[in-house]
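Participant: Dropping a structure here in structure tokens format, bear with me for questions.
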Amino acid sequence: MTITRDVDFIGMKAISEVVATTLKLMREHAQIGMSTKELDEYGGKLLKEYGAKSAPYQTYRFPGYTCISLNNEAAHGIPSKKRILKEGDLVNIDVSAELNGFWSDNGGSFVLGKDLHGHQPLVDASREILRQAILQIKGGVKISTIGHVIETEAKKRGFKVIKNLAGHGVGRSLHEAPENILNHGVRWNKERFKKNTTVAIETFISTKSSMAVELNDGWTLVGNRGGFVAQHEQTILITDGEPMILTESNEIWN
């Protein structure tokens, strides 16, 4: 989406605050012994109170208000009464929604309680690499350059990236052009970021896998070689200088 009027900026700012606050509150609400369905319903209640509609449900009829992925799940985890949060779980919550015709998207992985399984370095890498990548984005920068930055920084830390999951444009729908803001550099992509556009930038940092594959439920994605994946995502407004992070109030960088 290109921001051309004050009303566009106001609309994107409003929905971005909604999804960011919902993500923050869901993360704080998550407790050991709680089901992912219970956590999702809390997120759905928040969105409803803000007057927003769940983007994955509205767009794809996803069976939940938010995506909640646990441990070996890379993305699109279905909230379930049978999935109970445990101490040391690697949890990812992805919240996207629509409000007054504007859409925004954000997400983040975290360790619940004590880091019993050593997931924190992966979470830290995903979060820090996202920040590094975003700070290099401005109008005119090649999209593939940012993918190269993400993959290079992941390798420095001993991790891999998921190559078939990507960030994307967002604004008047959940997924817009550019559709392939990948986590690795590709020579064929000559496209550049454009000033005054809104995009969702996300990292998919992995311990073992380089591709995501879909399970039989038709939604949940896991790594092709197993292991774990951490994801962090912000919706940003691209400028001539440092981008404006519209979902910064999610506090995933705190």
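The values are calculated or read from the model by the stated rules, or taken from the named source; none is laboratory data. Worth saying up front: this structure is predicted, and the values here are computed from it rather than measured. Cβ: placed from backbone, ideal geometry, glycine included. Neighbour counts: every protein chain shown. Note: areas computed on protein heavy atoms with side chains; ligands, DNA, RNA excluded. Shrake-Rupley method; radii C 1.70, N 1.55, O 1.52, S 1.80 Å.
Participant: Which order do you get for 82, 138, 194 if you rank them by accessible area with a 1.4 Å probe, largest at the top? Please list the in-between numbers first.
Facilitator: Working: 82 180, 138 95, 194 130 Å².
Descending accessible area places them as 82, 194, 138.
Participant: How large is the convex hull of the Cα atoms of the chain per residue, expressed in Å³ as a whole number? Walk me through the numbers before you get to the answer.
Facilitator: Working: hull volume 27.9 nm³, N = 254.
Expressed per residue, the convex hull around the Cα atoms of the chain is 110 Å³.
Participant: Related question: Which shape class applies to the stretch 44-155: rounded if a/c is under 1.5, otherwise prolate when a/b exceeds b/c and oblate if not, where a ≥ b ≥ c are the square roots of the Cα gyration tensor eigenvalues? Please report the intermediate quantities before stating the final value.
Facilitator: On the way: a/c = 2.36, a/b = 1.11, b/c = 2.12.
Oblate, because a/c is 1.5 or more while a/b does not exceed b/c.
Participant: Calculate what fraction, in whole %, of the accessible area of the stretch 6-250 sits on carbon and sulfur atoms when a 1.4 Å probe is rolled over the protein chains.
Facilitator: Values: 5300 of 10560 Å².
Carbon-and-sulfur percentage of accessible area, whole number: 50.
Participant: Counting heavy atoms of the protein chains only and a 1.4 Å probe, report the per residue accessible area for the chain as a whole number of Å².
Facilitator: 44
Participant: Next question. Name the residue from 184, 11, 93 whose Cα lies farthest towards the positive end of the charge dipole of the chain, charges +1 on Cβ of Lys and Arg and -1 on Cβ of Asp and Glu.
Facilitator: Working it through, the farthest residue towards the positive pole turns out to be 184.
Participant: About its Cα centre, how strong a charge dipole does the stretch 6-250 have in debye, to the nearest 20, once Lys and Arg get +1 and Asp and Glu get -1 at the Cβ?
Facilitator: Working: 30 positive and 29 negative charges, 127 e Å.
In debye, rounded to 20, the stretch 6-250 gives about 620.
Participant: Quick check on the chain: helices-only [θ] at 222 nm, where DSSP H runs of length 4 and up contribute -39,500 (n - 2.57) each and the sum goes over total residues. Nearest 500, please.
Facilitator: On the way: 5 runs with 73 residues, N = 254.
Taking each H run of at least 4 residues, the total per residue is -9500 deg cm²/dmol.
Participant: A further question on this structure: Please give me, ordered by residue number, the trypsin sites (Lys or Arg not before Pro) of the stretch 31-80 that lie in loop per DSSP and have at most 10 other Cβ atoms within 10 Å.
Facilitator: Working: sites: 37, 45, 48, 53, 61; in loops: 61.
Here the trypsin sites (Lys or Arg not before Pro) that fit, given the DSSP loop and packing criteria, are 61.
Participant: Counting only other residues whose beta carbon sits under 10 Å from that of residue 59, what net charge do I get with K and R as +1, D and E as -1?
Facilitator: On the way: positive: 53, 61; negative: 98.
Once all neighbours under 10 Å are counted, the net charge is +1.
Participant: Then there's this: Take the alpha carbon atoms of the stretch 1-39, find their center, do the same for the stretch 199-225, and report the distance between the two centers in whole angstrom.
Facilitator: 22
Participant: Net charge near residue 24, counting Lys/Arg +1 and Asp/Glu -1 over other residues with Cβ under 11 Å of its Cβ? Intermediate values should be presented prior to the final figure.
Facilitator: On the way: positive: 27; negative: 17, 28, 248, 251.
Charge balance near residue 24 sits at -3.
Participant: Oh, and also: Going out from 0 in 10 Å bins, what whole percent of all Cα-Cα distances in the stretch 111-254 drops into each bin?
Facilitator: Each 10 Å bin holds this share of Cα pairs: 12, 41, 35, 11, 1.
Participant: Further question: What is the stretch 73-155's relative contact order, in percent, from Cα pairs under 8 angstrom and six or more apart in sequence?
Facilitator: Numbers: 69 pairs, mean separation 18.1, N = 83.
In percent, rounded to a whole number, it is 22.
Participant: Something else: Please identify the helices of the chain, taking whole runs of DSSP H, that span at least 24 Å along their own axis as judged from the Cα atoms and have a mean Kyte-Doolittle score of 0.0 or higher.
Facilitator: What comes out of the filter, once short or polar helices are dropped, is 6-29.
Participant: Given contacts defined as C-alpha pairs under 8 Å and at least six residues apart, what's the relative contact order of the chain, whole-number percent? Don't skip to the end; give the middle numbers.
Facilitator: On the way: 655 pairs, mean separation 58.3, N = 254.
It comes to 23 percent, rounded to a whole number.
Participant: Shifting gears a bit: Measure out, as a whole number of angstrom, how far apart the alpha-carbon centroids of the stretch 135-150 and the stretch 93-112 sit.
Facilitator: With the stretch 135-150 and the stretch 93-112 each reduced to a Cα centre, they are spaced 22 Å.
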